[in-house]
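Asker: Here it is, the structure, as structure tokens.
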Amino acid sequence: MMRFLAAYETPSDPAAFDRHYREVHVPLAKQLPGLRRYTISRGATAVRGGEPFYLIAELDWDDAGALRAAFASPVGLATARDAADLATDGARSMIFEVEEV
């Protein structure tokens, strides 16, 4: 399984961020082709220094090809544009393989 993780910094206007995330971004992202799972986490606490993230989103696909195809699709491009508009206070993202042990 491949996972896309987005970690958002605390927004300057949390209420506006939450409203946009819930009403615009999530419904858009849930249309990504091949998406298997979409979870969010709040209240993350940094273990070693640094500030905690405001919100962490994890999106899963079956494999790297499915993830790449999803983000190359029209919905993927629209989701990326919306994420850039949403993350004006900063965000980090990464892609990695998930393996159960």
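Asker: Does any residue in the stretch 59-83 that is of a type in the set (Ser, Thr, Tyr) come within less than 6 Å, Cβ to Cβ, of a residue that is modelled with pLDDT of 95 or more and assigned to a helix (DSSP H, G or I) six or more places away or on a different chain, and which pairs are these?
Answerer: Listed by first residue and then by second, the contacts come to 79/28; 79/29.
Asker: Would you confirm whether or not the stretch 37-60 contains a residue that is in a loop (DSSP other than H, G, I, E, B), in contact with a helix residue (DSSP H, G or I) (Cβ under 9 Å, 6 or more places away or on another chain) and closer than 24 Å to residue 99 by Cα?
Answerer: No, the stretch 37-60 has no match at all.
Asker: Can you find even one residue in the stretch 36-46 that is surrounded by 15 or more Cβ atoms within 10 Å (Cβ to Cβ), in contact (Cβ under 8 Å) with a residue 24 or more places away in the chain and not acidic (Asp, Glu)?
Answerer: Within the stretch 36-46, not a single residue is surrounded by 15 or more Cβ atoms within 10 Å (Cβ to Cβ), in contact (Cβ under 8 Å) with a residue 24 or more places away in the chain and not acidic (Asp, Glu).
Asker: Then there is this: Would you confirm, using the coordinates I've provided, whether residue 53 is in contact (Cβ under 8 Å) with a residue 12 or more places away in the chain, out of contact with any Ser or Thr (no Cβ under 6 Å at 6 or more places or on another chain) and closer than 19 Å to residue 22 by Cβ?
Answerer: yes
Asker: Here is a list of conditions, (1) part of a loop (DSSP other than H, G, I, E, B); (2) under 13 Å from the mean Cα position of the chain (by Cα); (3) within 15 Å of residue 79 (Cα to Cα), and residue 33 meets all of them except one; can you say which number that is?
Answerer: Just one mismatch for residue 33, condition (2).
Asker: From the residues in the stretch 38-78 that are under 17 Å from residue 92 (Cβ atoms) and of a type in the set (Lys, Arg), which one is nearest to the chain's Cα centre (by Cα)?
Answerer: The selected residue is 42.
Asker: Which of the residues belonging to the stretch 17-35 are hydrophobic (A, V, I, L, M, F, W, C) and more than 15 Å from residue 84 (Cα to Cα)?
Answerer: Scanning the stretch 17-35 gives 32, 35.
The values are calculated or read from the model by the stated rules, or taken from the named source; none is laboratory data. Because the structure is predicted, anything quoted here is derived from the model rather than measured. Cβ: placed from backbone, ideal geometry, glycine included. Neighbour counts: every protein chain shown.
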